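Single-structure report; data block below.
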Amino acid sequence: MFVKDVMNPNVETIAEALPLGQIANVISKSKFNSFPVLNSQKQLIGILSFNDYSEAIFDENLKDLVVARDLASTDLVTVSMEDNLWTALEKISAKDFAVLPVVSAQDHNKLEGVISRRDIIGAYNKAVLKKSLFK
């Protein structure tokens, strides 16, 4: 099974220039806690996770001074749509990431979606169930 088969192509992203005060609004309305960060050309430049913003978000003095680019992790771990799920699981488990950005194999800055551990485990469980039903 491949990443493209189970990834989520509908991604909530954050613009790199979004101020911390507005990031708080996005986070409060989202079911996610990690967000790919895109530059003005819609290229992936980082990921903003709960660990990145959890302390800063409560500091009123920073809400207009700090932007997403300042907080985002730029040492990205990604997978491509053509990677298999085992590769994705190894990468997501290595550092206990919530999600991994899925990028184009031809352009590692082009975001195609995200994949979570839940997506991977869910696909595995479906495959096992299907295999056991059709023995």
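Each value in this text was obtained by applying a stated rule to the coordinates, not by laboratory testing. On a predicted model such as this, the values are computed, not experimentally measured, just so you know. Here the Cβ is made from the backbone with ideal geometry for all residues, glycine too, and neighbour counts use every protein chain on show.
Using +1 at the Cβ of each Lys and Arg and -1 at the Cβ of each Asp and Glu in the chain, identify which of V128, A68, Q41 lies farthest towards the dipole's positive end.
Value: V128.
Mean residue ellipticity at 222 nm from the helices of the chain, using -39,500 (n - 2.57) per DSSP H segment of n ≥ 4 over the full residue count, to the nearest 500 deg cm²/dmol?
Computed ellipticity for the chain at 222 nm equals -10000 deg cm²/dmol.
What nm distance separates the two modelled labels at L129 and R117, each placed 7 Å from Cα along Cα→Cβ?
Roughly 2.1 nm, to one decimal.
Lysines within cross-link reach of K42: Cα-Cα under 16 Å, excluding same-chain residues under 8 positions apart?
Answer for K42, where 16 Å is the Cα cut-off: K110, listed by chain and number.
Taking 0.36 nm per residue of sequence separation and subtracting the Cα-Cα distance, how much length would be gained by fully extending the chain between E12 and H108, in nm to one decimal?
32.7 nm
Enter the Cα centre distance for the pair segment 19-46 and segment 77-135, rounded to the nearest angstrom.
21
Around L71, what is the net charge, scoring Lys/Arg as +1 and Asp/Glu as -1 over all other residues with Cβ under 13 Å from its Cβ?
-3
Calculate the spin-label point distance for S93 paired with T74, positioning each point 7 Å from the Cα along the beta-carbon direction, and give it in nanometres.
Reported label-point gap for T74 and S93 is 3.2 nm.
Let me see the P(r) profile for segment 3-133: every Cα-Cα distance counted, bins of 5 Å, each bin given as a percent of all pairs.
The percentages, shortest bin first, are 2, 11, 20, 21, 18, 12, 8, 4, 2, 1, 0, 0.
Which length gain, in nm to one decimal place, applies between F2 and K31 when the Cα-Cα distance is subtracted from 0.36 nm times their residue separation?
Taking 0.36 nm per residue and subtracting the Cα distance, the gain is 8.0 nm.
Of the options I27, M7, I57, report the single residue whose Cα projects farthest towards the positive end of the charge dipole of segment 3-133 (beta-carbon charges: Lys, Arg +1; Asp, Glu -1).
Value computed over the given set: M7.
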